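Worksheet for the structure shown next.
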Amino acid sequence: MVKKFNQLAYSNLDDFVYGSCPNPVTTKSGMVIGGGTVYPEINFTLPGMDINDTTIKKACTIYSNIIDGVLKRAAELYAPGVLVEFETVPDFTENPKYGIEVNRILLNSMKEASEKYGLKSAIRTTPNDLREFSRPPIMRHGKYWDTMLELFEQCAKDGSDFISIESTGGKEIHDGALVKADIRTAIFALGVLGVTDMEFLWKHLVGIAKANNCYPAGDSACGFANTAMVLAEKGFIPHVFAAVIRVAAVPRGLVAFEQGCVGPGKDCAYEGPYIKAITGLPIGMEGKSAAGAHLSPIGNIAAALADTWSNESIQQVKLLSEMAPVVAMEQLIYDCRLMNAATKKGQQVMFRDLLVDSDAALDVQAYVLRPDVVMRISAELVKTQDNFLRTKIAAKLTVQELKKAINEGIVKSDRRDMKWLDKMDKAIDSIPDDAGEFYEQMKSELDMTKFIPSEYGLK
Amino acid sequence: MVKKFNQLAYSNLDDFVYGSCPNPVTTKSGMVIGGGTVYPEINFTLPGMDINDTTIKKACTIYSNIIDGVLKRAAELYAPGVLVEFETVPDFTENPKYGIEVNRILLNSMKEASEKYGLKSAIRTTPNDLREFSRPPIMRHGKYWDTMLELFEQCAKDGSDFISIESTGGKEIHDGALVKADIRTAIFALGVLGVTDMEFLWKHLVGIAKANNCYPAGDSACGFANTAMVLAEKGFIPHVFAAVIRVAAVPRGLVAFEQGCVGPGKDCAYEGPYIKAITGLPIGMEGKSAAGAHLSPIGNIAAALADTWSNESIQQVKLLSEMAPVVAMEQLIYDCRLMNAATKKGQQVMFRDLLVDSDAALDVQAYVLRPDVVMRISAELVKTQDNFLRTKIAAKLTVQELKKAINEGIVKSDRRDMKWLDKMDKAIDSIPDDAGEFYEQMKSELDMTKFIPSEYGLK
Amino acid sequence: MATLNDVSQCVLDGELDEVKALVQQLIDAGIDPITIINDGLIAGMNIVAPLFKSGEMFVPEVMESADTMNEGMKLLKPLITDGDIPSKGKIIIGTVNGDLHDIGKNLLIMMMESRGYTVVDLGVDIKEEAFVAAVKEHKPDIVGMSSLLTTTMMKMDSTIKQLTKEGLRDQIKIIIGGAPITQEFAEDIGADGYSEDASTAVELCDRMMTA
Amino acid sequence: MATLNDVSQCVLDGELDEVKALVQQLIDAGIDPITIINDGLIAGMNIVAPLFKSGEMFVPEVMESADTMNEGMKLLKPLITDGDIPSKGKIIIGTVNGDLHDIGKNLLIMMMESRGYTVVDLGVDIKEEAFVAAVKEHKPDIVGMSSLLTTTMMKMDSTIKQLTKEGLRDQIKIIIGGAPITQEFAEDIGADGYSEDASTAVELCDRMMTA
Ligand SMILES: [Zn+2]
Ligand SMILES: [Zn+2]
Ligand SMILES: [Zn+2]
């Protein structure tokens, strides 16, 4: 049942480019994602407000205004199609009836926009992973598990094109590892807990999707690698640490595709290029036009391999011109126009390389997204099918790539970076190749009150 | 004294590109604008608030927070330099002490950022044209004229690199022409009133700048052509009308440069490419990354010839990541990185053409910004030195270009466009070549209570 | 012979030169002037409004229609007594103190007038006291305020406060609009309605007058 | 022989393995334990704070420094009576109801503790009643609330209202923080302070405790 990825999906670096991939996916409205065109992926959320039975009507009106506004602007700017991501707020997953209602509002407005403007659109529904509301998290049963699955199932039934999630298995351990810049513990969280939970979770989600004429799309290591990026941007942890975490999150993300996801990968999963190299499936990405959701050192390079181009999230607030989601829609469309114009002229590789060159030398986190680096590391990852070992290898190879790049002076670095890379190198070498053996070692180092081993099939 | 522009600054279309121009200008901090690098130009304004003696302290704190935030982010992203535009709110021009105080705050933070991060920056100070506060407007004396000049002079003395303005001479007549889509009256407003006022105004401003070691930069037909664009985007007036107004505004803008402006032209002056073609001076431009200030059909093509790339304006409001000006700063920097990366690889013409191709066929207002169209029309404009006649010719040539393009199917058009182009064509042909004769004709058509002829040297 | 429908069509097409002859024919045929107004001229404008809203008519075309209607009215007004033309309501409109933007305001005035409202245009840069004085003088049903700057929008708040202080607030509905304005802001300062653009503002006033 | 300066440097460098020996030497040399704490351990942390703020130290390094300080404290605590270590103040901190984000909160706790504050960590997803109960139980000087979601930030408002209703508001200072929070929001809901990140939050608390 489980797909094996034991070779790269690409043999030529020049084929590895935004907008197209070996295995595109076609939406209900006929958008072919990965078929040559980069589509905008628009995201949005509520302004500051409470959600309850009294306010839900207002919330629905806001969502209705947002979707009508962004689709109208997309039509006015002749977007070839729009992927809408509905990433719920936690209350919508806790009370699935709210999430279901809003999802229906969005679906309905998309249908109307199709009739009114001839605009193609598709929707990715992304419930929240609420399982960590229990502390320590209950991952495999309980009310949060039940309501989450209920929301997935009904939205799939109601016509969502894609389902995604930013799952959190292992985050309870990873959070602490991040602020300590502790790579051993981070690898345990990603490569043992994360990987195991992804297998369990996505087996269920793929089942729900398949039963309801919906695509399982993919997951994001948002709570792991993007948190690392944000902490690094604030100067809290070393940029090299965040860069290593990014690549170490790849095997975790890959599990969703082993279980049957078909893409597009989640927008905020910057590990996406690795997934695309290995699976040949389309990916969502986000960069400079998602700056309203988070700042980043990868504003352009993130687009180099994108099949959908996203703004990540924006509240419904008024800017001088228009509501912020409409502004985001416009910016995404112009970014996509530019990429697609290059493709039309056969200049996509050249344009990809401009996106890459404009960022890659300025930050180690951008450097690890270089298509050649991605291909080189991915080629090693497919040599094993053990996702824990893959995680360790991913971290190790990234440390090596960065050391080499810094030594050669081809990427900007902080004077403290080499010390941290050495420290990580040593720590990674101390990790055994066997997950079980590693867990035994870690038992004494871990705060065992923070997670429940049996929720990860561990003893 | 007055410069004559009787030939194009470019002989080869391939030299006509963003980031460089024959006559670059160097800021006090050593940024060479038009010297090969596109610089971000950041703009910002207050959130909704009253300005008075009690609130000005709070306003100053807000400006201080904004400038510190944007310069910090610019340094973190290794911007090669930043042009700051301080476009005042009307209260700051009416009470020059407010404007002067904020300008000093900005200058001071720029100096600190230079010391702290080594970041180069320069400032363009743009007071408001308050003369229209009198109705009908008093253009050549009175309290608004006095306070405006006071603000210009002190800011220039205090160290501003550039002064600019969005002047409004003739707007009192143009507003009505816009909503009636009346091209005859619009040409009178731009080519007779606008041109005359620009001569008067910029003679004074150039004098102030020269006396204070400051550059006179340029003006914008914002209240004319951008208002037309916004009305067209709302579906209020035909896009072809807005496109014709854009080009008809060129001779008015050119007057500032005849009087001695050296650029960079104002960001929101989308007529800038024509100015650049004729004068060889650098221009500011804005497009998709100014969507928070206004939506537009020219998000990418606006960058094709930009020497500074601006966000136009954004309030100090919080987005999910950061305050909106910081978000804008990040987006501009990534846009500039991409353009500059192409230049570095010698691919600037190719990249320019992608910016052009991605928009030019989709809207007539984008079409008239095509570098070849700009060169073609500009070549005709330099054949006369009469700025009124230039205005008429600009409108006439634009109508012809658009008819041809629509007939050839190389630009998207509305079914009603050809009717409006014909209507404009006829109206333009009815205009005599002599400004005086035209004024005599117009006397019976104009609402003479709306403007004071003597304020434009007319009888 | 001309029909009421022809008059409506003439208004819709903005045929300024032809409307007089058509209306005159109907008058000569003994049709009740009030009927010509309601079922001819205003009926025409009632087709214009939704076409404008859906983007099928431009403002200059709407203005031509309005001018055409007014041209027809000129012939009819002498034939009726003042109270016979039912005004849908009276509105005073102004751009607030410190703000000079008036294109949006002027559009609204044009739309309101052609819809049958009596409109008093206060102009731009209107101080709180001037709004108060105008309410006292004109006794409008609705007060409309416009602002395009973040630094003048708070003037709407102070104007409403001033109207409340003078005991006038309960006698009027207040609508506001302009680039930085939102529904939320309208609620915050206690306005009765907010509208994004001229055509929705007209609908908003219609709802207020019938509520 | 070891000096107080060596202890400070040891804290700054986060040399967990060496601090004990150094502190022991000073104890053996008869230096007053309170002096070792104030002029050795805490003096070290006082260098750490500004280095962190200016971006010259990473959080993991700050944590190592804090751990090092705590390791030294372990030796000293038995030698002094409880009241001798002056707490700079007591703060209770929690992430509001419906919100699970705790990295920022945990950073703040670590910074506050190493600065000499007594901190009670309530955890995440903390209901209004739980804040109230904790204030009653712990009688803190400051209450800190964190929220990262636009849909949970209003919980700060309701918590403050609840604290006011219970008559506790005047006895405490309230600080708030998190991605969607602004100074303006803090003022709107009647919090005493807002801070962008952990290090400015510590400074804010310092100012509050000395005001
Ligand atoms: Zn995410
Ligand atoms: Zn402007
Ligand atoms: Zn500007």
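The lone criterion from (1) in a helix (DSSP H, G or I); (2) open to solvent by 10 Å² or more (accessible area, probe 1.4 Å) left unmet by C:Ala186 is number (2). If I ask for residues that are free of Cβ contacts under 8 Å to residues at least 60 places away in the same chain and either buried (at least 24 other Cβ atoms within 10 Å of the Cβ) or away from chain C (no Cβ under 14 Å) (or both), which ones from segment B:43-58 would you list? Residues satisfying the conditions are B:Asp53, B:Lys57. Pairs meeting the criteria (first residue in segment C:45-70 and within 10 Å of chain B (Cβ to nearest Cβ), second residue among the aromatic types (Phe, Trp, Tyr), beta carbons under 6 Å, at least 6 apart or on different chains) are C:Val59/B:Phe236; C:Val62/C:Phe52. At least 1 residues being more than 19 Å from the chain's Cα centre (by Cα) is the threshold, and among the helices (runs of 4 or more DSSP H) wholly inside segment C:1-109 those reaching it are C:4-13, C:16-28, C:59-76.
Selection within segment A:384-408: residues that are of a type in the set (D, E, K, R) and either outside any helix (DSSP H, G or I) or modelled with pLDDT under 95 (or both). The member of this set that is most open to solvent (accessible area, probe 1.4 Å) is A:Glu408. Within segment B:128-148, is there a residue that is among the aliphatic types (A, V, I, L, M), buried (at least 20 other Cβ atoms within 10 Å of the Cβ), within 16 Å of ligand 3 (Cβ to nearest atom) and over 28 Å from B:Val244 (Cα atoms)? No: zero hits.
Rundown of residues vs (1) modelled with pLDDT under 95; (2) of a type outside the set (Lys, Arg); (3) within 14 Å of A:Ala186 (Cβ to Cβ), yes/no style:
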residue: A:Trp420; (1), (2), (3): no, yes, yes
residue: A:Met424; (1), (2), (3): no, yes, yes
residue: A:Ala427; (1), (2), (3): no, yes, yes
residue: A:Glu440; (1), (2), (3): no, yes, no
residue: A:Ser444; (1), (2), (3): yes, yes, no
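Taking the conditions (1) open to solvent by less than 10 Å² (accessible area, probe 1.4 Å); (2) more than 16 Å from ligand 2 (Cβ to nearest atom) in turn, B:Gly292 satisfies each one other than (2). So A:Ile123 ticks every box in (1) open to solvent by less than 20 Å² (accessible area, probe 1.4 Å); (2) within 20 Å of A:Asp53 (Cβ to Cβ) but one. Which box is left unticked? The number of the failed condition is (2).
Tally up the residues in segment B:163-185 that are of a type in the set (D, E, K, R) and farther than 30 Å from B:Glu41 by Cβ, please.
Residues meeting the conditions: 3.
In the set (1) farther than 27 Å from A:Ala79 by Cβ; (2) of a type outside the set (A, V, I, L, M, F, W, C); (3) in contact (Cβ under 8 Å) with a residue 40 or more places away in the chain, the condition left unmet by B:Asp363 is number (1). When we screen A:Ala277, A:Ala361 for residues that are open to solvent by 10 Å² or more (accessible area, probe 1.4 Å), more than 16 Å from ligand 3 (Cβ to nearest atom) and more than 9 Å from chain B (Cβ to nearest Cβ), the only hit is A:Ala361.
If I filter segment C:95-110 for residues that are more than 14 Å from every other protein chain (Cβ to nearest Cβ) and open to solvent by less than 60 Å² (accessible area, probe 1.4 Å), do I get at least one hit?
Taking every residue of segment C:95-110 in turn, none turns out to be more than 14 Å from every other protein chain (Cβ to nearest Cβ) and open to solvent by less than 60 Å² (accessible area, probe 1.4 Å).
For segment B:435-456, the set of residues classified as touching a residue at least 12 places away in the same chain (Cβ under 8 Å) and open to solvent by 60 Å² or more (accessible area, probe 1.4 Å) consists of B:Glu445, B:Asp447, B:Thr449, B:Lys450, listed by residue number.
Do the conditions hold for B:Ser289, that is, is it touching an Asp or Glu at 6+ places or on another chain (Cβ under 6 Å) and within 14 Å of another protein chain (Cβ to nearest Cβ)? When the stated conditions are applied, B:Ser289 passes them. Quick check on B:Val411: is it touching a residue at least 40 places away in the same chain (Cβ under 8 Å), in a loop (DSSP other than H, G, I, E, B) and under 22 Å from B:Arg352 (Cβ atoms)? Taking the combined requirement at face value, the residue satisfies it.
Does at least one position in segment B:163-170 carry a residue that is under 28 Å from C:Glu64 (Cβ atoms), within 14 Å of another protein chain (Cβ to nearest Cβ), more than 16 Å from ligand 3 (Cβ to nearest atom) and touching a residue at least 12 places away in the same chain (Cβ under 8 Å)? No: zero hits. Being farther than 30 Å from C:Gly177 by Cα, more than 14 Å from chain C (Cβ to nearest Cβ) and open to solvent by 50 Å² or more (accessible area, probe 1.4 Å) holds for only one residue in B:Thr26, B:Thr37, and it is B:Thr26. Entry remark, segment B:363-383: residues being more than 15 Å from B:Ile245 (Cα to Cα) and part of a loop (DSSP other than H, G, I, E, B) number 3 in total. Output yes when any residue across segment B:253-264 is closer than 26 Å to B:Val89 by Cβ, more than 13 Å from ligand 2 (Cβ to nearest atom) and free of Cβ contacts under 8 Å to residues at least 60 places away in the same chain, and no when none is. Checking segment B:253-264: at least one residue is closer than 26 Å to B:Val89 by Cβ, more than 13 Å from ligand 2 (Cβ to nearest atom) and free of Cβ contacts under 8 Å to residues at least 60 places away in the same chain.
From the list B:Val356, B:Val326, B:Val349, B:Val317, the lone residue that is at pLDDT below 95 and within 14 Å of chain A (Cβ to nearest Cβ) is B:Val317. Filtered by the rule that a residue be buried (at least 24 other Cβ atoms within 10 Å of the Cβ), outside any helix (DSSP H, G or I) and more than 16 Å from ligand 2 (Cβ to nearest atom), segment B:150-169 gives B:Ser160, B:Asp161. Would you confirm whether any residue within segment C:145-164 is among the basic types (Lys, Arg), buried (at least 16 other Cβ atoms within 10 Å of the Cβ) and facing another protein chain (nearest Cβ under 10 Å)? Yes, some residue in segment C:145-164 is among the basic types (Lys, Arg), buried (at least 16 other Cβ atoms within 10 Å of the Cβ) and facing another protein chain (nearest Cβ under 10 Å).
Residues that are within 14 Å of chain D (Cβ to nearest Cβ) and assigned to a loop (DSSP other than H, G, I, E, B) were ranked within segment A:67-100; the one that is most open to solvent (accessible area, probe 1.4 Å) is A:Asn95.
Working only within segment D:111-144, note down all residues that are outside any helix (DSSP H, G or I) and either within 13 Å of chain A (Cβ to nearest Cβ) or over 20 Å from D:Ala66 (Cβ atoms) (or both).
D:Asp121, D:Leu122, D:Gly123, D:Val124, D:Asp125, D:Ile126, D:Lys127, D:Lys139, D:Pro140, D:Asp141, D:Val143
The values are calculated or read from the model by the stated rules, or taken from the named source; none is laboratory data. The structure presented is a predicted model; accordingly, all values stated were derived computationally and were not measured. When we count neighbours, we look across all protein chains shown, and the Cβ atoms used for this are built from the backbone with ideal geometry, even at glycine. What goes into the accessible areas is simple: the full protein's heavy atoms, side chains included, and nothing from ligands, DNA or RNA. Shrake-Rupley method; radii C 1.70, N 1.55, O 1.52, S 1.80 Å.
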